[in-house]
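To start, the structure under review is shown below, and the notes come after it.
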Amino acid sequence: MARALVFLALLCMVASSLAGGAEARKMVGVYELKKGNFSVKMTNWGATIMSIVLPDSKGNLADVVLGKDTIAEYVNDTTFYFGPLTGRVAQRMARGRFVLDGKVYHTYINDGRNAIHGGHRGFSKVIWTVKEYVGGGSSPHITMYYRSFDGEQGFPGDLDVYATYTLSSPYVLSIRTNATALNKATPVNFLQHVYLNLAGEGSGDVLGHTLQLFASRYTPMDEELLPSSGRVEPVAGTNYDFRTPTPIGARIRQVRGGKGVRGYDINYVVDGDGIRKVAAMRDGASGRGLELWANQPAMQLYTGNGLNNTKGKGGKVYGQYAGLCLETQAYPDAVNHPEFPSVTVRPGEVYKHDMVYKFSF
C-alpha cells in the first residue's frame, strides 16, 4: 500500500509537470501565495498548508509550519496530519458510528475503536481540484474544490466543498471553507491541522511560547480522547486555563493527552459567537506572534504530543512538542451528543467555516 501511494504521488507530480493550463490543476502540485516577504505554500493533496514564511523582529525569515519536503511524503503520512484540511467529519467519532434521522451509519474506523478526521481516506487524503489560482499581486489566493460522494467513508449524501486561501493583507492568511449538502442530510465538521512553531519549524519545542485562549469552558475527555460524559466545564482552577497569556509548558506535565502521553489534546468552547478572536500566541525570542480568529464554536488544542523523532523538512527531526495545532471546529463527536450544537447539514444548506491567521513580529 505504501509503495502504491508513493507511486500515485510521483505519477501525479510528473503529470503535473508535463500538462499545462487548467488540466494541470487537476493533478497534484505545489502552489505559492506571496505578498512581499510573506509567503504560503500549499498543495492540492488534502488542501494542505506546506509552509508559512515570515520575518522575525530582526527581519530574519523562517518557515513556521512543520511538515515534509515532498508530496510523496505527505501522501504517505498516515499518522500526524501535517497541514491538511480534514473532513468530512474531523476529530474523533465514537466507534465510527452515528444515527441520523433514525438510520445508523458506520464510518471507517482508523483510531483504535473510533474514527478520526473523516476516516482513512478523508478529505486530507484526496486530490482537490484547483478552481482558481493567483500567486501574487494585491490579493494572492487559491480556491480548491472537492466533490465528496454519497457513501464515501460511510457518510451519507453528495457534498460540494470549496476552500479558499487568501493573503488578505500583510501577514494575514484568511481561509474560507463552505460545503453544500446536495441530496441527503449529513454531518460536517472541518478543521485545518497545521502545526505551528513561531520560532521556526525544527528549532526545538514550543513550551516557551505564551498562549492565550479566549475560552472559559472546555469538554473533559476520556482515555480515548472522546467527550463521553457530554459535560462542559469551566477552565477556572484547572490545568486547561489559558485565559491569560501563559507559557505552554507551564502545566503540560500535569496534563494527560491520552494513551499515557503528557500534553494537551483537549477541546475548548470558545467564548462568543461569529467571527471572533480564538487564540493569541507569541514566541519571545523571535518576536513573532499570531492571532487566530474563527467563526466555529470550539477549538482543539494539540501540542504535538505524539511527535517522537519524526522526520521533518530538510533533514530536521521533530521531537515531542515541536509544534502545536490550534484547530477551530465543532464540538468533537457532536454526532453522538444531542446536548452539543448540531453538525447536521441538510440538503440545500451550506456549512461555513472561516479562519483568519494574523501574524506579527
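Worth pointing out:
- Comparing 102, 202, 137 in a Gaussian network model of the chain (Cα springs below 10 Å), the most mobile by mean-square fluctuation is 102.
- Prolate/oblate/rounded label for segment 225-275 (Cα gyration tensor, a/c 1.5): oblate
- Protein heavy-atom surface of the chain, 1.4 angstrom probe: 53% of the accessible area is carbon and sulfur, with nucleic acids and ligands not counted.
- Taking all protein chains into account, the per residue accessible area for segment 118-165 stands at 35 Å² (1.4 Å probe).
- Compactness of segment 188-305 - radius of gyration and Dmax, Cα, Å: 14.0, 41
- Computed with a 1.4 Å probe over protein heavy atoms only, the accessible surface of segment 199-307 comes to 39 Å² per residue.
- Within the chain, the longest run free of trypsin sites (Lys or Arg not before Pro) that sit in a DSSP loop with at most 12 other Cβ atoms within 10 Å is 122-230.
- Amide H contacts of residue 218: 233, 235, 269, each under 5 Å away and 5 or more positions distant or on a separate chain (H built 1.01 Å from N in the peptide plane; Pro and chain starts excluded).
- Among the listed pairs 68/184; 58/313; 35/313; 125/311, those whose Cα-Cα separation exceeds 30 Å are 68/184.
- Charge tally for residue 178 (other residues, Cβ to Cβ under 11 Å; Lys, Arg +1; Asp, Glu -1): -1.
- Gain in span if fully extended, residue 113 to residue 134, counting 0.36 nm per residue against the direct Cα distance: 3.3 nm
- Per residue, the chain reaches -2000 deg cm²/dmol at 222 nm when only DSSP H runs of four or more residues are counted, each adding -39500 (n - 2.57).
- Base-10 log of normalised Debye intensity for the chain (one unit scatterer per alpha-carbon) at q = 0.09 Å⁻¹: -0.46
- Gain upon complete extension [residue 160, residue 251; 0.36 nm per residue less C-alpha separation]: 28.6 nm
- Cβ-Cβ FRET estimate between residue 150 and residue 58, R0 fixed at 56 Å, reported to 0.05: 0.55
- Net charge of Cβ neighbours under 9 Å - reference residue 113; Lys, Arg +1; Asp, Glu -1: -1
The values are calculated or read from the model by the stated rules, or taken from the named source; none is laboratory data. Predicted model, so just to flag it, every value in this text is computed and none were measured. Here the Cβ is made from the backbone with ideal geometry for all residues, glycine too, and neighbour counts use every protein chain on show. In case anyone asks, the SASA skips ligands and DNA or RNA and just uses the protein heavy atoms, side chains included. Shrake-Rupley method; radii C 1.70, N 1.55, O 1.52, S 1.80 Å.
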